[in-house]
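A quick write-up on the structure given underneath.
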Amino acid sequence: MAAAASTAAFSTGALGLASGASAQAKSEITISRQPGILYMPLHVIEKYKLIEKHAETLGLKGLSVKWLSFSNGGAQQDALISGNVDLVNTGTGQLLLLWDRTKGGIKGIVASSALPLKLVSRDPRIKTLNDLGPTDKIAVPTVKTSTQAILLQMAAAKMFGPDQYAKFDPNTVQMGHPDGFIALKNASHEVRSHFAAPPFDYYELKEVADAHVVINSAEIIGGPLSQGQFFTTTKFADQNPKVIEAVRKAAEEAKAFIETNLADAIEAYREINNDKTSAEVLKDLLGQPGMMEWNLYPQGTMKFAAHLNKVGTLKTMPASWKDYYLPIAHDLPGN
């Protein structure tokens, strides 16, 4: 999403927050996510109707959940603030920016994954970020505001100084992960690098000639980083406390299900994403380092906030992660 589009979206956000999907307690809710295996807990939740199950246990009978897929977090944030969806599940950058620009009107519920992101390139010349030239293009889900775009800003600030944090911004091109994968497979495409989320990085390394990892998210931020978390408007949360509780309980059950029934979780992912990749390949993918991080507590988010505040993107520096997460998560550890 370009900066101008982002500003326009936020300028109309107050209307969406006041009169959109969160205006009253609901019997049907809509949740959005992006494609990819890092959303596996959501695939389990959807297939086994875990939100509906826990809502009924909590006394909320007949709740219906509709799932939508968006190509990037920018589209999700627009849908949330306009009232077209009730909850989204996407990256830390989107949560922080929405929390800040709505003055606390949007907050997290629980995290769902902290799988590593990898910058993959098929250009043999690009071995490190230092090798990027002004014409080298990197596919990211949303320019400037996606987790990948912000990670590149954090890396640039470390490499060249805080005032040079935007050095790699002109290199980024907005593409959904499936399109980034297609671009890398096309030897004539100008986009030769993709800051990918799983499983697309894994596929690229297996299928694209000369593909290699330039850097990963853990190297940039110094540990795991929450890539997926549920968040919503505080109005919706206030009007629908049982839904919020059901989402947490569903996330807890999905995490335990993946850890104890991995084969069935893989099938849920394959079915909902219409992914024809064999279960054996997906099991190997999930056996890679860092690929079973399904914790409900936020990880690495305050480092993200500190960077965004330092460069002026985040106007308010939170005192802790609990400032931008609802009380439903405050008993958890987090950072």
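Bear in mind these aren't lab numbers, they're just calculated from the coordinates by the rules spelled out. A quick note: this is a predicted structure, and the numbers were derived from the prediction, not measured. Every residue, glycine among them, receives a Cβ derived from its backbone with ideal geometry; neighbour counts consider all protein chains shown.
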The chain, convex hull of Cα, quarter of hull surface, nm² -> 15.6
Mean projection of the alpha-carbon convex hull of the range 182-335 over all orientations, in nm²?
11.9
In debye, nearest 20, what is the charge dipole magnitude of the range 118-221 about its Cα centre with +1 on Lys and Arg Cβ and -1 on Asp and Glu Cβ, if you could check?
60
Once the principal axes of the Cα atoms of the range 132-199 are found, what is the range along each, listed largest first in whole angstroms?
35, 23, 15
Could you go through the range 315-321 in sequence order and give the Karplus-derived ³J(HN,Hα) for each residue, using 6.51 cos²θ - 1.76 cosθ + 1.60 with θ = phi - 60°, rounded to whole Hz, and x for Gly and Pro?
6, 10, 8, x, 6, 7, 4
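Taking the beta-carbon count within 10 Å as an exposure proxy, list 314, 80, 205 from fewest neighbours to most.
Details: 314 20, 80 31, 205 15.
Going from sparsest to densest Cβ surroundings: 205, 314, 80.
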Compute the angle between helix 92-101 and the longest alpha-carbon principal axis of the chain, please, reported from 0 to 90 degrees and rounded to the nearest 10.
60
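Given +1 on the Cβ of Lys and Arg, -1 on the Cβ of Asp and Glu, and no further charges, what dipole in debye does the chain carry about its Cα centre, rounded to the nearest 20? If you can, show how the numbers build up before the last one.
Details: 33 positive and 33 negative charges, 133 e Å.
Here the size comes out at about 640 debye.
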Taking trypsin sites (Lys or Arg not before Pro) as exposed when DSSP calls them loop (any state but H, G, I, E, B) and at most 13 other Cβ atoms lie within 10 Å, what is the longest stretch of the chain free of them, the sites themselves excluded?
128-275
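So, with +1 on the Cβ of K and R and -1 on the Cβ of D and E, and no other charges, what is the size of the charge dipole of the range 46-90 about its Cα centre, to the nearest 20 debye? Provide the component values of the computation, followed by the final result.
Working: 5 positive and 5 negative charges, 39 e Å.
So the dipole magnitude of the range 46-90 works out to roughly 180 debye.
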I'd like the distance separating the alpha-carbon centroids of the range 168-228 and the range 40-114, in whole Å.
25
